[in-house]
């Protein structure tokens, strides 16, 4: 469960030096490494079970424990049921410190900048747990080499004319109070006579994690040019894109994990260049394409739902250096233009174990001509060629109201690749397979 692993070493908080990167197949990993599908998202690991670099923690053989003192910084909590060490899942497990839930690690209180909206917070305060500061820009000014986590307290943060989050360099984590965004902090940026900013601006040279908050504003929600991880973030109701790049730097990277990107007035995710990884995310009812990914150096959409968007579901354009984007165990449905998975003639796309259904007025074609598909469900007649492809009704639970889980009568049920599929979880984080693999983002319990 590591995307950008972090350790507490020698009293300071900094990124762990690892070679582990998100992957969707063993062939995507460096020599000597394999893709560990038991993690969320899957990452490349070395032969020892570590993240391929300096970290050699045996993730698949957790330490036995009776209390937290037996556990490591990477897996700090002794589970009371299994009596094995695991990552934290809530701030309460790390009190008086903070849990960075995206990687399950505890950060001690002295390395955290605490912010809470007024009247609780006040920028005359030292940004401690007992005396939090009030604004996100002031909290960022208190970040140091050792104090890199900003704990965002519940409430609404409102600012006009400039971005709420604006990081130019270095590594910063914005961590909401809870794992999920529901009931948590809401961060808003509004336009005024002098500016119409995005809510969050992540510039080239910055590495940023944002988790457990909601973002909305009068322009794009997030513009990034560095390395960005969003985990359990709700981006909804903006007047622009949900997420977009702000330059054409090939070194940009984006990981979107368990997020909701919905009802924005332009594209859900619009990316040019760099790497893109989207897992367990719903991209729904945006007023343009769901995902528009141009010239990626790598692109993987897994365990995700892209539905009801006013445009194509997923569009890939001009992948670089022979890169083949992958849509895996995902549901691309009821977007207004076909094909649901679109591409140009300069590169291929692989669709595996996915539902591509009901996109466009005629619900066909589901795929662009350069796409290949296996073990997937389509609304096309005839069904696109490929091993294990099927047609039929996915029997969504309540597509009208945005519920794209599959029902008991779904034609996707138990039709997956039983021989080669290895993904260990679904859109909800539930185990795969429950019996025989289902096609699409949802595995029926």
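Key figures
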{"read-out": "Test: residue in the stretch 364-384 that is without any contact (Cβ under 8 Å) to a residue 60 or more places away in the chain, surrounded by 15 or more Cβ atoms within 10 Å (Cβ to Cβ) and touching a helix residue (DSSP H, G or I) at 6+ places or on another chain (Cβ under 9 Å)", "value": "no"}
{"read-out": "Residues (out of contact with any helix residue (DSSP H, G or I) (no Cβ under 6 Å at 6 or more places or on another chain) and under 25 Å from residue 164 (Cβ atoms)) located in the stretch 95-104", "value": "100, 101, 102, 103"}
{"read-out": "Meets criteria (more than 24 Å from residue 94 (Cα to Cα) and either without any contact (Cβ under 8 Å) to a residue 60 or more places away in the chain or in contact with a helix residue (DSSP H, G or I) (Cβ under 8 Å, 6 or more places away or on another chain) (or both)) for residue 159", "value": "yes"}
{"read-out": "Selection within the stretch 385-401 - crowded, with 17+ Cβ neighbours inside 10 Å and touching a residue at least 40 places away in the same chain (Cβ under 8 Å)", "value": "394, 396, 399"}
{"read-out": "Unique match (being crowded, with 24+ Cβ neighbours inside 10 Å and over 27 Å from residue 143 (Cα atoms)) among 252, 193, 238, 248", "value": "238"}
{"read-out": "Residue in the stretch 118-149 that is nearest to the chain's Cα centre (by Cα), counting only those that are in contact (Cβ under 8 Å) with a residue 40 or more places away in the chain and closer than 16 Å to residue 165 by Cα", "value": "149"}
{"read-out": "Tally of residues being surrounded by fewer than 22 Cβ atoms within 10 Å (Cβ to Cβ) and under 20 Å from the mean Cα position of the chain (by Cα) across the stretch 88-107", "value": "3"}
{"read-out": "Any chance residue 181 is buried (at least 19 other Cβ atoms within 10 Å of the Cβ) and modelled with pLDDT of 95 or more", "value": "no"}
{"read-out": "Condition check for residue 414: more than 19 Å from residue 302 (Cα to Cα) and either assigned to a strand (DSSP E or B) or more than 24 Å from the chain's Cα centre (by Cα) (or both)", "value": "no"}
{"read-out": "Selection from the stretch 163-176 of residues that are over 11 Å from residue 136 (Cβ atoms) and surrounded by fewer than 21 Cβ atoms within 10 Å (Cβ to Cβ)", "value": "168, 169, 170, 171"}
{"read-out": "Residue in the stretch 259-274 that is nearest to the chain's Cα centre (by Cα), counting only those that are at pLDDT 95 or above and surrounded by fewer than 24 Cβ atoms within 10 Å (Cβ to Cβ)", "value": "260"}
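Residue-wise test of (1) under 23 Å from residue 281 (Cβ atoms); (2) in a loop (DSSP other than H, G, I, E, B).
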site: 99; (1), (2): yes, no
site: 121; (1), (2): no, yes
site: 128; (1), (2): no, yes
site: 172; (1), (2): yes, no
site: 180; (1), (2): yes, yes
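The values are calculated or read from the model by the stated rules, or taken from the named source; none is laboratory data. Here the structure is a predicted model, which is why all the values come from computation and not from measurement. Using ideal geometry, Cβ is built from the backbone for each residue, glycine included, and neighbour counts are taken over all protein chains shown.
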